[in-house]
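Student: Here it is, the structure in full.
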Amino acid sequence: MSTQDPVEPPAGQALAGEGGPEAAATTSAARLAAYLQGGGVIVPLLTAVLAFFVGGLVILITGHNPISTYKAIFNGTGLNWIFPWISSDERTTAALNLQQTLITTTPLILTGLAVAFAFRCGLFNIGGQGQYLVGSYVAVWVGASFAGMPRLAHVLLAMVLATAAGAVWAGIAGLLKAVAGAHEVISTIMLNWIAVWVGAYLFQLNGPLQNSDPAQQSVPVSSDIAASAKLPVFWGDPELQGLHIGIFIALASAVVFWVLLNRSTTGYEVRAVGFNPEAARYGGISVSRNYILVMAVCGAFAGLAGSVDLLGWQFHIATNDILNSANVGLGFFGIAVALLGRNTASGTVVAALLFGALLTGTSQRNLDPTIFEPELAGNLTLIIQGLVVLIVSADVIVLTMLRRGRGMFSRRTPAAPATVTAPEAEA
């Protein structure tokens, strides 16, 4: 009988259970998704704190007080409504501001899920803005075209068709990836611009979907949706953009995201492809089919976001709004939301609330101009968004270096020498 030395795994490989999914990740998006799933809530909290710290330095450089500025932004978000000690007048204002914060948070949850789901399959979905716009186009057309329908049927029809439109639009990028190997970053960016200019054509003067009201013939805007297509408001005054039921739709979508990803065969295949496409293909999983399916699901989330905004408070689309959203829109904020939320359902919801609060708190309507100029505050939000993406990306680099450093300098236990018992010695 002989005792053999332990077998060392080949260089660059890890034993099952030691490296986890990160060790098997082969694509850059998969490595990013794998790293972002680890670390619990500590890393995103540190990321947010560091982003706000650097933002505070920017505020300080402009000659303002960072503490008072952030306090004013916080009050503008309406989150102070939860404090029992504020006065009744302040509570009324805070309630209005909080309604706006949650209205903005609603599409951010959905566009964040649209990015996060792609990350879990090793894909980069940069086309959330285009998918959002396509969903809003379909929603405004359905909402303005079937005025005689019952309210529930009208709302459901608009949302279902808008969701399907977003899925088809994003599915184009997935199909190009699966069939021709076209990189989804390039195709989704191109689809964003196609969506922008399609909308500019549809709602321009004398465009196919321009407002048919004679009084609006000189305005490049769509018709208003019918009252039967508007989402019900459950908190606040409907005439003052009260909070609509879209927030519950977004939260339900986050639950669907979690169930689909973690409690279904489809989710297992998606995560397997994200960890290692070649290993998944070897295991009998269709990588091409999953690319198309994942992009379609991402587009469905983003298209639903467009319909929720359109049916919940916008009620029409103007070409100026479409063109202004080409570079800075909720679809692009969804990237930062997904990264900060670590591509998880609960993390995406919390990150969406953070960015929704920032967008509301730094708006010209809510920020006290005597403390910080709202014109500058809007740019501050973009700075913090960019810092989140930058710091999260740097975090992946740092974690990679640390992991390799531990592998180089960790002390290995020397193997026990082999011992052989000779038969004649036993005798």
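Student: So, in nm, how far is label V168 from label V256 when the simple model puts each one 7 Å beyond its Cα toward the Cβ?
Tutor: 1.8
Student: For an R0 of 60 angstrom, estimate the FRET efficiency from the Cβ-Cβ distance between R365 and Y282 and round to the nearest 0.05. Please report the intermediate quantities before stating the final value.
Tutor: On the way: r = 56 Å, r/R0 = 0.93.
Result of the calculation: an efficiency of 0.60.
Student: Viscosity 0.692 mPa s, temperature 37 °C: what is the translational diffusion coefficient of segment 247-312 from Stokes-Einstein with a Kirkwood Rh over Cα pairs, rounded to a whole number of µm²/s?
Tutor: Working: Rh = 13.0 Å.
Translational diffusion coefficient: 253 µm²/s.
Student: Please work out how much length the chain gains when fully extended from S346 to V49, using 0.36 nm per residue of separation minus the C-alpha to C-alpha distance, in nm with one decimal. Provide the component values of the computation, followed by the final result.
Tutor: Details: separation 297, 0.36 × 297 = 106.92 nm, distance 1.89 nm.
Full extension of this stretch gives 105.0 nm more.
Student: Looking only at Cα atoms, what is the convex hull volume of segment 183-341 per residue, in Å³?
Tutor: Working: hull volume 23.8 nm³, N = 159.
Expressed per residue, the convex hull around the Cα atoms of segment 183-341 is 149 Å³.
Student: Express the Stokes-Einstein translational diffusion coefficient of segment 194-248 in µm² s⁻¹, to the nearest whole number, given a Kirkwood radius over alpha-carbon pairs, 4 °C and a viscosity of 1.567 mPa s. Could the numbers behind the result be given before it?
Tutor: Working: Rh = 13.2 Å.
Value of D from the Cα-based Kirkwood radius: 98 µm²/s.
Student: Could you work out how far apart the two model spin labels at W85 and V41 are, taking each label as a point 7 Å from the Cα in the direction of the beta carbon, and quote it in nm?
Tutor: Roughly 2.4 nm, to one decimal.
Student: Amide H to amide H, which residues 5 or more places from W235 or on other chains are under 5 Å from it, using H placed in the peptide plane?
Tutor: L243
Student: Rg(Cα) of segment 314-386 divided by 2.2 N^0.38 Å? Display every interim value, and only then the final one.
Tutor: On the way: Rg = 13.6 Å, N = 73, 2.2 N^0.38 = 11.2 Å.
It is 1.21.
Student: Assuming R0 = 35 Å, can you tell me the calculated FRET efficiency for the pair V328 and N65, based on Cβ-Cβ distance, to the nearest 0.05?
Tutor: Details: r = 27 Å, r/R0 = 0.77.
E(calc), rounded to 0.05, equals 0.85.
Student: For A95 and I194, calculate 0.36 nm times their separation in residues minus their Cα-Cα distance, and state this gained length in nm to one decimal.
Tutor: 31.8 nm
Each reported figure results from applying straightforward, stated rules to the coordinates on display, with no laboratory input. Fair warning: this is a prediction, and the values are worked out from it, not measured in the lab. Reconstructed Cβ throughout: ideal geometry from the backbone, glycine too, with neighbour counts over all protein chains shown.
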